[in-house]
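The values are calculated or read from the model by the stated rules, or taken from the named source; none is laboratory data. None of the values given here were measured: they were computed from a predicted structure. Here Cβ is always computed from backbone atoms with ideal geometry, including for glycine, and neighbour counts include all displayed protein chains.
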Amino acid sequence: MRVFNFAAGPAALPLEVLEQARDEMTDWRGSGMSVMEISHRSKPFIDVAEQAEADLRELLAIPGNYRVLFMQGGATGQFAAIPMNLAPAGSSVDYLNTGAWSKKAIGEARHYCNVNIAADAAGSNYTTVPARGEWKLTPGAAYLHYTPNETIGGVEFAFVPQVDAPLVADMSSTILSRPIDVSRFGLIYAGAQKNIGPSGLCVVIVREELIGQARAGTPSVWNYKAVADDGSMLNTPPTFAWYFAGLVFKWLKRHGGLAAMAERNRAKAQLLYATIDQSGFYRNPVDPACRSWMNVPFILPDAALDKAFLAGADSAGLMNLKGHRLVGGMRASLYNATSIEAVRALSEFMLEFARRHG
């Protein structure tokens, strides 16, 4: 029996794709081997890799002057790789601090360059996005980094910043959830384990003019030009994760692409927020103008009820609703593979729980 999985990552994966991977697990394309057993440099796997990139380019309408890299180390690895590749020694960079993942990126970048916190949402306890007019940007900054969606706090930018410096975005929890204009960004990176596929892979989409400038001492596996020149196969890549990501890209195309995903994701978020707001029982702490489509935190009126809520949810097949340890409460993640039926089931459970405990 399949449950409804609201995990923040590793997250729910499309059942169709899981079933395809299952069916191909021991005999991939009649080879008598698993895709995990073939050489990453063999023509069959290179075909898989190239098709995955082509499909991702089509889904996101990635311009021709951008390189797509399939890397390891997750988004956390990119916290260091970005300044090593984009910020010469002694340069300054701007960061927007809107939550836990922004703070982690800032902490790593400080090992490599002068970091200016151009805007800080700490004063709101990370429940909003600082107004654009409050930002204090650095003239000549090597880049501006921001996290469009804070997975832990459930805060999301409703706009793409317009700045002079190259714009760098950690889209781990929003990539492929809706159409975006890639040309507005210098670099986009995303850990796979939310909307792309299983963990172990990080996708980097970088404007070509920004590669080839890595500072001396940058390890080859983090040097964007070295990785790009070797087709993301400078070392053995996570072949299963790459293969699976390619299946997800095909699944997205079969189901209407990113415009269709946007409609589904908007509907799921609206349903859950309406349940919270109209209940008189639950509360979402985020400024309504900055509410995330992908990660919806909510708080019960008494933390003593949390244990009963989670136990009841588990019994109802509504899994992984416990909030992150940094903020507590509950959190439902509504990535592409989470169905509207799952959100309806959660809404019904929440209303019944509130009726019994309110």
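Points worth noting:
- Residue within the range 139-148 that is out of contact with any helix residue (DSSP H, G or I) (no Cβ under 7 Å at 6 or more places or on another chain), surrounded by fewer than 16 Cβ atoms within 10 Å (Cβ to Cβ), in contact (Cβ under 8 Å) with a residue 40 or more places away in the chain and in the same structural domain as G217 (by TED's automatic domain parsing) present: yes
- Residue within the range 18-30 that is basic (K, R) and part of a helix (DSSP H, G or I) present: yes
- Selection within the range 102-116 - part of a helix (DSSP H, G or I) and surrounded by fewer than 21 Cβ atoms within 10 Å (Cβ to Cβ): K103, K104, I106, G107, E108
- For the range 1-33, taking the residues that are over 28 Å from the mean Cα position of the chain (by Cα) and small (G, A, S), the one that is surrounded by the most Cβ atoms within 10 Å (Cβ to Cβ) is identified as S31.
- Candidate set: the range 54-71, residues that are of a type outside the set (A, V, I, L, M) and free of Cβ contacts under 8 Å to residues at least 40 places away in the same chain; chosen: the one surrounded by the most Cβ atoms within 10 Å (Cβ to Cβ): R57
- On the stretch given as the range 179-197, residues that are outside any loop (DSSP other than H, G, I, E, B) and buried (at least 24 other Cβ atoms within 10 Å of the Cβ) total 5.
- Only one entry of G153, G191 meets the criterion of being under 14 Å from M294 (Cα atoms) and of a type outside the set (D, E), and that entry is G153.
- For the range 54-93, the set of residues classified as small (G, A, S), farther than 17 Å from L201 by Cβ and assigned to a helix (DSSP H, G or I) consists of A80 only.
- Sole exception among (1) crowded, with 17+ Cβ neighbours inside 10 Å; (2) in contact with a helix residue (DSSP H, G or I) (Cβ under 8 Å, 6 or more places away or on another chain); (3) within 30 Å of H40 (Cβ to Cβ) for A169, by number: (2)
- Whichever residue in the range 37-53 is surrounded by 13 or more Cβ atoms within 10 Å (Cβ to Cβ) and farther than 18 Å from M71 by Cβ and, among such residues, is modelled with the highest pLDDT: Q51
- Within the range 245-358, helices (runs of 4 or more DSSP H) holding 1 or more residues that are β-branched (V, I, T), surrounded by fewer than 18 Cβ atoms within 10 Å (Cβ to Cβ) and over 17 Å from the mean Cα position of the chain (by Cα): 340-357
- Residue, surrounded by the fewest Cβ atoms within 10 Å (Cβ to Cβ), within the range 214-244, restricted to residues that are touching a residue at least 40 places away in the same chain (Cβ under 8 Å) and hydroxyl-bearing (S, T, Y): T236
- Scanning the range 279-293 for residues being within 15 Å of F159 (Cα to Cα) and touching a residue at least 24 places away in the same chain (Cβ under 8 Å) gives a total of 6.
- All positions within the range 146-164 that are under 22 Å from A75 (Cβ atoms) and either aromatic (F, W, Y) or in contact with a Pro (Cβ under 9 Å, 6 or more places away or on another chain) (or both): Y146, I152, G153, G154, E156, F157, F159, V160
- Total residues in the range 72-91 satisfying the condition of being farther than 29 Å from A245 by Cα and either touching a helix residue (DSSP H, G or I) at 6+ places or on another chain (Cβ under 8 Å) or crowded, with 16+ Cβ neighbours inside 10 Å (or both): the figure is 2.
- V203 vs. criteria in contact with a strand residue (DSSP E or B) (Cβ under 6 Å, 6 or more places away or on another chain), under 20 Å from F45 (Cβ atoms) and assigned by TED's automatic domain parsing to the domain that holds Q78: yes
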